[in-house]
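Trainee: After the structure tokens below, expect a handful of questions from me.
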Amino acid sequence: MKSKNRYLVTQPDLNAHGTLHGGILMKWVDEACGMEARIITGGVCATRHIGDISFWSTARLGDILEVEVKYLYHGKTSLTFSADVSNVTQGDAVAAFEKVTFVAVDKNHKPRDHRNESSSFKPVYPDRCS
Ligand SMILES: CC(C)(COP(=O)(O)OP(=O)(O)OC[C@H]1O[C@@H](n2cnc3c(N)ncnc32)[C@H](O)[C@@H]1OP(=O)(O)O)[C@@H](O)C(=O)NCCC(=O)NCCS
């Protein structure tokens with residue numbers, strides 16, 4: 001399963017050098033993966049781990065960035081995604097997030113088994129699922 005979200009780089013997204021702040025990009029990727037996690041599990045999910053991030057190029061005011069999220073695999077309570085960020089305006093690859101893991105949580109913010117709700121969504125690596 002794949003999804004794409006686009007974000008416009010505006011003034012509040014810039015760092016002191018006038019280019020896109022890396023923390024803002026991380027927020028957009030977290031948000032894009034979090035939306036997928038919520039759709040797949042049908043409930044609230046919390047970011048548990050973000051790992052192996054590469055930043056290849058920067059973005060500037062007015063650029064349009066596309067965050068492509070792939071649903072890689074899941075466990076009992078967790079779901080893991082990757083995200084590739086590209087600059088639609090400049091045609092550059094901007095960043096890659098190899099591993100973004102969310103955990104489905106119940107109303108007490110405890111991990112919950114999401115596998116009933118998520119069973120109709122197909123991950124890229126079903127053999128890695130438990
Ligand atoms: C999310 C949270 C409720 C999970 O509770 P927890 O007690 O840490 O959860 P557990 O250790 O039981 O692990 C839950 C799942 O996460 C997985 N997990 C734990 N650490 C992990 C890591 N470093 N990388 C990937 N997966 C991990 C476990 O394997 C388990 O998955 P599974 O059930 O699919 O096998 C808790 O860690 C938390 O509240 N973290 C802060 C969340 C947050 O504020 N995020 C930022 C803002 S949204």
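Trainee: Looking at the chain from every direction and averaging, what is the projected area of its Cα convex hull in nm²? Don't skip to the end; give the middle numbers.
Mentor: Values: hull surface 32.5 nm².
Taking a quarter of the hull surface, the average projection is 8.1 nm².
Trainee: Next up: Could you pull out which residues in region 6-46 have an amide N less than 18 Å from a spot 7 Å beyond the Cα of ARG60, following the Cα-Cβ vector?
Mentor: 8-22
Trainee: Can you give the angle from 0 to 90° between the axis of helix 22-41 and the longest principal axis of the chain, with both taken from C-alpha atoms, to the nearest 10?
Mentor: Taking the Cα atoms of the chain, the angle to 22-41 is about 30 degrees.
Trainee: Cut-off is 10 Å between beta-carbons; in what order do LYS107, LYS70, LYS76 appear when sorted fewest neighbours first?
Mentor: LYS107, LYS76, LYS70
Trainee: Cut-off 17 Å, label point 7 angstrom out along Cα-to-Cβ of LYS110: give me the residues of region 65-89 whose amide nitrogen falls inside.
Mentor: Those under the cut-off are 76-78.
Trainee: May I pose another question? In the chain, if the dipole is taken from +1 on Lys/Arg beta carbons and -1 on Asp/Glu beta carbons about the Cα centre, which of ALA93, ASN15, THR41 is farthest to the positive end?
Mentor: Looking along the dipole axis, the top candidate is THR41.
Trainee: Taking only the alpha carbons of region 68-130, what extent do you get along each of the three principal axes, in Å, biggest first?
Mentor: Answer, in whole Å and largest first: 43, 28, 17 Å.
Trainee: What nm distance separates the two modelled labels at HIS49 and SER119, each placed 7 Å from Cα along Cα→Cβ?
Mentor: Distance between label points: 2.7 nm.
Trainee: Once you compute Rg and the Kirkwood Rh from C-alpha atoms, what is the Rg to Rh ratio for region 17-80?
Mentor: 1.02
Trainee: Follow-up question, since we're still on this one. Determine which lysines satisfy two conditions relative to LYS70: a Cα distance under 18 Å, and not lying fewer than 8 residues away in the same chain.
Mentor: Within the straight-line limit of under 18 Å, LYS70 reaches these lysines: LYS2, LYS4, LYS27, LYS99, LYS122.
Trainee: To continue, here is another question. Calculate for the chain the 222 nm mean residue ellipticity that helices alone would give, adding -39,500 (n - 2.57) per DSSP H run of length 4 or more and normalising by residue count, nearest 500 deg cm²/dmol.
Mentor: Numbers: 2 runs with 24 residues, N = 130.
After summing the helix terms and dividing by the residues of the chain, the value is -5500 deg cm²/dmol.
Trainee: Okay, moving on. How do TRP28, TRP56 line up, fewest other C-beta atoms within 10 Å first?
Mentor: Final ranking by Cβ density, sparse to dense: TRP56, TRP28.
Trainee: A follow-up question, please. Any idea how far the Cα center of region 31-73 sits from the one of region 87-117, in Å?
Mentor: Between the Cα centre of region 31-73 and that of region 87-117, the gap is 6 Å.
Trainee: For the pair ARG38/GLU98, report the inter-label distance in nm, with labels modelled 7 Å from Cα in the Cβ direction.
Mentor: 2.9 nm
The numbers here are math on the coordinates, done by the rules we state, and not lab data. Predicted model only: the values in this text are computed from it and were never measured. Cβ sites come from the backbone with ideal geometry, for glycine too, and all protein chains shown count toward neighbours.
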